[in-house]
Amino acid sequence: MPHLLESRRLLKDFGGLNAVDHLDFHIDEGEIVSLIGPNGAGKTTFFNLITGFYPADDGKVLFDGHNLLGLSPYQITELGIARTFQTVRLFQEMTILENVMVGQHCRGRSGVLGAVFRPPRYRAEEARIRKKAEEQLAFFGSRLGGYRLDQMANSLSYANRRRLEIARAMGTEAKLILMDEPSAGMNPKETEEIASLIGKLRDERGFTILVIEHDMKVVKGVSDRVVAMDYGHKIAEGTYENVANDEHVIEAYLGRKATREDQDAS
């Protein structure tokens, strides 16, 4: 059975530095896979190649039977890939509901003229987009739904801005969501809630999820499989326990060979 997403010998060079170095990777439908590695390992660059923010220098990225290389970010979103970012990127002067409706507009067909003249077809489409956005936000309960729908995004707490960015990704009707450090900047309780949310997105909504994460408790709690990177290479892959105890992974994080104490501590 074909993988949902697969990279083959993927290469990205920045002035002689291979940020992603002939990387082979895959994720299957319904999986939660965590991508780990020290800062500078190439994880976010890999996300940027998948989503069309950077052009690849060599290799392939295949998604659901489509070659993604050469496509624009908008085209890739239409195919079914959405993402969140290390730094939250919301439309701060728009409401919570409007932020998620923006995600839905990649599925719209009315175009600019429809927005100007607002014929019945356009109004029906806007009603559909609004309903879908409300359904996505209801998943987050009182954090984003109900009376909050018309609140401005800039009024939200940091943790709820993270949730709203995930809701906007959901609103694109994606098959695969890429999350770049979703627990960054959160306290332990918020981190626990985000980890639970990631599991629910797969179990209750059917999303496939690829997550970059530095918090190993989150990685351990959510991952079906873990892939470790360093200097653009994949250095380990497997269950959390296998990857956490891999001597190459320990050396990448600690800068030295693994000891028995390191392995016992993991």
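Structure notes:
- Leading residue by the ranking (modelled with the highest pLDDT) among those in the range 210-262 that are of a type in the set (Ser, Thr, Tyr) and closer than 19 Å to residue 46 by Cβ: 223
- Test: residue in the range 115-128 that is at pLDDT below 95, over 16 Å from residue 170 (Cα atoms), aromatic (Phe, Trp, Tyr) and outside any strand (DSSP E or B): yes
- Within the range 111-136, residues that are farther than 13 Å from residue 99 by Cα reach partners that are modelled with pLDDT of 90 or more with beta carbons closer than 9 Å, at six or more positions or on different chains, in the pairs 126/101.
- The residues of the range 206-248 that are of a type in the set (Asp, Glu) and either within 16 Å of the chain's Cα centre (by Cα) or not in a strand (DSSP E or B) (or both), listed by number, are 213, 215, 224, 241, 246, 247.
- Look at (1) assigned to a helix (DSSP H, G or I); (2) at pLDDT below 95 and you find that residue 185 fails only one, number (1).
- Taken over the range 95-113, the criterion of being modelled with pLDDT under 80, assigned to a helix (DSSP H, G or I) and not small (Gly, Ala, Ser) is satisfied by 104, 105, 106, 107, 112, 113.
- For the range 49-78, the set of residues classified as within 17 Å of the chain's Cα centre (by Cα) and surrounded by 20 or more Cβ atoms within 10 Å (Cβ to Cβ) consists of 49, 50, 52, 61, 63, 68, 76, 77, listed by residue number.
- When 13, 64, 24, 57 are screened for being within 15 Å of residue 175 (Cβ to Cβ) and either of a type in the set (Asp, Glu) or not assigned by TED's automatic domain parsing to the domain that holds residue 104 (or both), only 64 passes.
- The C-beta contact set for the range 57-78 (first residue touching a residue at least 40 places away in the same chain (Cβ under 8 Å) and in a helix (DSSP H, G or I), second residue surrounded by 13 or more Cβ atoms within 10 Å (Cβ to Cβ) and not charged (D, E, K, R), distance under 9 angstrom, 6+ apart or interchain) comprises 77/51; 77/52; 77/103; 77/106; 77/172; 77/174.
- Summed over the range 14-42, the residues that are modelled with pLDDT of 95 or more, among the small types (Gly, Ala, Ser) and in a loop (DSSP other than H, G, I, E, B) give a count of 4.
The values are calculated or read from the model by the stated rules, or taken from the named source; none is laboratory data. Computed from a predicted model, the values in this text were never measured in an experiment. When we count neighbours, we look across all protein chains shown, and the Cβ atoms used for this are built from the backbone with ideal geometry, even at glycine.
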